[in-house]
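What follows draws every value from the coordinates through simple rules; no lab data is involved. Since we're looking at a predicted model, the values are computed, not measured. All Cβ positions, glycine included, derive from the backbone under ideal geometry; neighbour counts span all protein chains shown.
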Amino acid sequence: MLKNTFLNLLATCSNDNSFNILLWQEIEEHYTSKKRHYHTLEHLENLLFQLTPIRTKISSWNTILFTLFYHDSIYSSLKSNNEEKSAELAYKRMNQLSVPKEIIDNCYAQILATKSHKNSEDLDTNYFTDADLSILGQDWEVYTQYYKNVRKEYALYPNLVYNSGRKKALQHFLTMENIFKTEYFYQKFEETARKNIQREIELL
């Protein structure tokens, strides 16, 4: 489903099927890296699953899809500029595809927005960053697998270092007035997300 969605997206602006397939292979290679345990194709599938039911609420579905596929294309637990590098790759590829400038610029901004997940004046961006955080509000069994996978991605760090950083990140979410910025995702996930986060903090 992901591959077809990506290739259908590229077909809206490119007739070069060989190049389009190369771009899919690049996406697949990034998200199936052995160093990844959470930022994988499964994460992209979940995003697509969360966003598809509200497609009619989204102003530019194609922008959202480009953002979805590229937002974690560059990822290293040792780096703090993953979003910037991912946005740069998206910008480069979309220019090669002759994607309209407005979509390129909006996609670039949306990818950068996943760094802080702050409220945006752009509703599409809020829908995307909310979907990106939707894992926080899943059932405890799913959430448990999520935080274990995140820990695997930071396996280089000892518990003392990791637990301190993880607690700080989780507590940041709890200090937010709303974790989810859109009414749709707030109603769906806010309450469970706060319970999950608090529970994980207690386990650290």
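Structural remarks
- Exposure proxy for Thr192, Thr67, Thr129, Thr182: other Cβ atoms within 10 Å of each Cβ, ordered fewest to most, give Thr192, Thr182, Thr129, Thr67.
- The mean sequence separation of alpha-carbon pairs under 8 Å and at least six residues apart, normalised by the residue count of the stretch 129-200, gives a relative contact order of 51 percent.
- Computed from backbone phi with θ = phi - 60° and the Karplus coefficients 6.51, -1.76 and 1.60, the 3J(HN,Hα) list for the stretch 189-194 is 10, 4, 4, 5, 4, 5 Hz; x is used for glycine and proline.
- The sum of -39500 (n - 2.57) across all DSSP H runs of n ≥ 4, divided by the residue count of the chain, sets its helix-only mean residue ellipticity at 222 nm to -21500 deg cm²/dmol.
- Signed unit charges on C-beta, dipole axis of the stretch 157-204, positive-most listed residue Val161, Gln187, Leu204: Val161
- Dipole magnitude of the stretch 145-204, debye to nearest 20 (Cβ charges: Lys/Arg +1, Asp/Glu -1, about Cα centre): 240
- Rounded FRET efficiency, nearest 0.05, which uses the C-beta distance separating Glu42 from Ile21 and R0 of 22 Å: 0.55
- Among Leu65, Leu160, Leu133, the residue with the largest mean-square fluctuation in a Gaussian network model of the chain, with springs joining Cα atoms closer than 10 Å, is Leu160.
- Charge dipole of the chain (Cα centre as origin; +1 on each Lys and Arg Cβ, -1 on each Asp and Glu Cβ, all else neutral): 620 debye, rounded to the nearest 20.
- Segment Leu204..Thr32, full-extension length gain: 59.1 nm, with 0.36 nm per residue of separation and the alpha-carbon distance subtracted.
- Residue-by-residue Karplus 3J(HN,Hα) for the stretch 138-144, coefficients 6.51, -1.76, 1.60, Hz, glycine and proline x: 7, 4, 4, 4, 5, 4, 4
- Global geometry of the stretch 133-204, whether rounded, prolate or oblate, following the gyration tensor of its Cα atoms and the 1.5 cut on a/c: prolate
- The trypsin sites (Lys or Arg not before Pro) of the stretch 86-156 that meet both conditions, a loop assignment by DSSP and at most 16 other Cβ atoms within 10 Å of the site Cβ, are Lys115, Lys118.
- Residue among Leu65, Thr129, Thr5 farthest towards the positive dipole end of the chain, charges placed on Cβ: Thr129
- The chain: relative contact order in percent, alpha carbon pairs under 8 Å with at least 6 residues between: 19
- Inter-label distance for Cys13 and Gln187, nm, one decimal - labels placed 7 Å from Cα along Cα-to-Cβ: 3.3
- DSSP loop GluC sites (Glu not before Pro) with at most 11 other Cβ within 10 Å: longest gap in the chain: 1-120
- Whole-Hz ³J(HN,Hα) from phi, Karplus 6.51 cos²θ - 1.76 cosθ + 1.60, for the stretch 128-137, glycine and proline x: 5, 5, 5, 4, 4, 9, 4, 4, 5, x
- Among Ala169, Ala87, Ala109, the largest mean-square fluctuation in a Gaussian network model of the chain (Cα springs under 10 Å) belongs to Ala169.
- The stretch 39-144: C-alpha gyration tensor shape, a/c 1.5 cut-off, then a/b vs b/c: oblate
- Descending Cα extents along the principal axes, the chain, whole Å: 53, 37, 26
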